[in-house]
Amino acid sequence: MRILITGAAGFLGSHLTDRFLADGYHVIGMDNLITGSLDNIAHLEDEPRFEFVRHDVTQFIDVKGDLDGVLHFASPASPVDYLELPIQTLKVGSLGTHNALGLSLAKGARFLLASTSEVYGDPLVHPQPETYWGNVNPIGPRGVYDEAKRFAEAMTSAYHRFHGVDTRIVRIFNTYGPRMRPGDGRVVSNFIVQALLGQGLTVYGDGSQSRSFCYVSDEVEGIFRLFHANGHDPVNIGNPDEYTIGELAERIQAVLDPDAGVKYLPLPTDDPKVRKPDITRARTILGWEPLVSLQDGLSDTIAYFRSLHERNPLSPPPVITEAAEE
Ligand code: UDP
């Protein structure tokens, strides 16, 4: 079996590549490296079943030979990145998805779209089941990611209905773990890096907004199972254990530096107030549920960032300064 993973040098793409290689697959990893890093796939240099192609998937994708699967994971995914790369984010979700679907159609390959909990926007239904249509501001700063992914889901569904492509859609909720970039800008890496540097943890708003954090090994297992399961409807893959951002800060402080203070910054525009997946569908269809607790996942992730810091002192991570206009 031979598959293409776009975004293979990214955080999730590289872990997914490892998972498929472990199962005997041949993997072509594609990435333009705007947010991905070759460090994430450096350990595969001598792996004969892995091939890396540097390519921007918003341009026509040419792959020689047969393909059994295309997994479209290329996209900036941190709010810091997609606020800085709005046009690229829109293009990779729209043109990139179109190209990846066209390739699937041409090769007769199964297609899996990496979608997101951001399709639910700032949700008015809590927790979020797949049947909820969402509450997204199309013209807000986050709209570039949310609407690109919503378009990508629409395009994927149209290729299934109109062309009969064998599609899957995973809605990925907040995921963390080793290989996140120290400068990623998302909350788990920001808080850990800030605590390692002895700096105040930057809490946006009053920290009462919630998220539900899934450890990367659980996320990847869910996606791997979804790829092999039947059905074309979207499936939430995430951990339903919900925490406020204030609680997350306290947990990371308790492990790393109880004296690390908190620095309050304005809540960014359209930052969702709550988020928690309803994973009934994943439990039923995939027999999947997350196994790693926040405590264990954080301890592995902290160990990872600590080792990076010991090798090469980390810089303070980026924060979002653009806030909602009153
Ligand atoms: N957040 C924060 N401080 C940071 C980074 C993020 O308080 O330095 C908050 C952010 O406002 C959001 C939550 O943490 O409510 C998760 O943000 P993240 O960027 O990780 O991902 P999101 O779920 O918003 O896509």
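Bear in mind that the values in this text are calculations on the coordinates, not laboratory data. Here the structure is a predicted model, which means the values were calculated and not measured. Positions of Cβ are generated from backbone atoms using ideal geometry, with glycine treated the same way; all protein chains shown enter the neighbour counts.
Checking each residue of the range 173-180 against the condition of being closer than 25 Å to Trp133 by Cα, away from the ligand (no atom under 13 Å from the Cβ) and not small (Gly, Ala, Ser) gives no match. In the range 245-300, of all residues being among the small types (Gly, Ala, Ser) and more than 16 Å from the ligand (Cβ to nearest atom), the one that is farthest from Ser189 (Cα to Cα) corresponds to Gly287. Among the residues of the range 181-209 satisfying the criterion of being under 17 Å from the mean Cα position of the chain (by Cα) and either without any contact (Cβ under 8 Å) to a residue 12 or more places away in the chain or assigned to a helix (DSSP H, G or I) (or both), which is farthest from the ligand (Cβ to nearest atom)? Residue satisfying both the conditions and the ranking: Ser189.
Per the listing Thr58, Thr97, the residue uniquely part of a loop (DSSP other than H, G, I, E, B) and of a type in the set (Ser, Thr, Tyr) is Thr58. Among residues that are among the small types (Gly, Ala, Ser), away from the ligand (no atom under 16 Å from the Cβ) and not in a strand (DSSP E or B), Gly65 is included.
If you go through the range 72-96 and keep only what is buried (at least 24 other Cβ atoms within 10 Å of the Cβ), more than 14 Å from Phe11 (Cα to Cα) and of a type in the set (A, V, I, L, M), you end up with just Val92. Within the range 301-326, can you find the residues that are over 18 Å from Met180 (Cβ atoms) and either more than 14 Å from the ligand (Cβ to nearest atom) or part of a helix (DSSP H, G or I) (or both)? If the condition is that a residue be over 18 Å from Met180 (Cβ atoms) and either more than 14 Å from the ligand (Cβ to nearest atom) or part of a helix (DSSP H, G or I) (or both), then Glu325, Glu326 are the ones that fit. Taking the criterion of being under 21 Å from Gly69 (Cβ atoms) and either surrounded by 21 or more Cβ atoms within 10 Å (Cβ to Cβ) or of a type in the set (S, T, N, Q) (or both), the residues of the range 120-164 that qualify are Lys149, Ala152, Thr156, Ser157, Tyr159. The residues of the range 222-249 include none that are surrounded by 17 or more Cβ atoms within 10 Å (Cβ to Cβ) and among the acidic types (Asp, Glu).
Contact map, the range 81-109: first residue basic (Lys, Arg), second residue assigned to a helix (DSSP H, G or I), Cβ cut-off under 9 Å, separation 6 or more or different chains; pairs are Lys91/Ala148.
For the range 3-40, a residue qualifies if it is under 17 Å from the mean Cα position of the chain (by Cα), over 12 Å from Val220 (Cβ atoms) and of a type outside the set (Ser, Thr, Tyr), and the qualifying residues are Gly7, Ala8, Ala9, Gly10, Gly29, Met30, Asp31, Asn32, Leu33, Ile34, Gly36, Asn40. Taking the numbered list (1) within 16 Å of the ligand (Cβ to nearest atom); (2) closer than 27 Å to Thr17 by Cα in turn, Asp122 passes all entries but (2). A single entry from Ser217, Ser212 fulfils the requirement of being of a type in the set (Ser, Thr, Tyr) and surrounded by fewer than 20 Cβ atoms within 10 Å (Cβ to Cβ): Ser217.
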